[in-house]
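Reviewing the structure listed below.
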Amino acid sequence: MKRRIALVATRTLALYGFAGWVYIALVALVHPNTLGMQLTHFAKLPHEDTFGEVCFVVSMVSFFIYNLLVSSGPPGSASNGGATSQS
């Protein structure tokens, strides 16, 4: 159960982190002079460029952890071809 929650959480963080990074990348293409401005008027931090950097790092780390969890699946799972080790 904990493994399933970890898989779902890392996949969600990777997806939403990537979406946030793509949003900032598109803003950089369309309105590059706004990157130094605050992201929202509710708080002074983070700025748009900082938000993009954090989103990229969160996405990359979460995707890496997700792939580690998938590749180290339980014995007999589809991730290792259904093979079981017999000692």
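Just so you know, all these numbers are worked out from the coordinates, no wet-lab data involved. Everything numeric in this text was worked out from a predicted model, so none of it was measured. Neighbour counts run over all protein chains shown; Cβ positions are idealised from the backbone, glycine included.
Please give the helix 48-71 orientation as an angle from the longest Cα principal axis of the chain, in degrees from 0 to 90, rounded to the nearest 10.
Approximately 0 degrees, to the nearest 10.
Taking 8 Å as the Cα distance limit and 6 or more residues as the minimum spacing, I'd like the relative contact order of the chain as a percentage.
32 percent
Amide H neighbours of Leu39 under 5 Å, at least 5 residues apart or on other chains, H built in the peptide plane: list them.
It is His47, Glu48, by chain and number.
Residue by residue, what Karplus-based ³J(HN,Hα) values in Hz, rounded to whole numbers, does the stretch 31-40 have, using 6.51, -1.76 and 1.60 with θ = phi - 60° and x for Gly and Pro?
Along the stretch 31-40, the couplings run 10, x, 6, 8, 5, x, 7, 5, 5, 9 Hz.
Projected onto the charge dipole of the stretch 2-73 (+1 at Lys/Arg Cβ, -1 at Asp/Glu Cβ, origin at the Cα centre), which of Tyr66, Val54, Ala19 gives the Cα projection farthest towards the positive end?
Comparing the listed Cα positions along the dipole, Tyr66 ranks first.
Please report Ile5, Ile65, Ile24 as a ranked list, fewest other C-beta atoms within 10 angstrom at the top and most at the bottom.
Ile5, Ile65, Ile24
If each residue's Cβ is checked for other Cβ atoms within 10 Å, how do Glu48, Glu53 rank with the fewest at the top?
Glu53, Glu48
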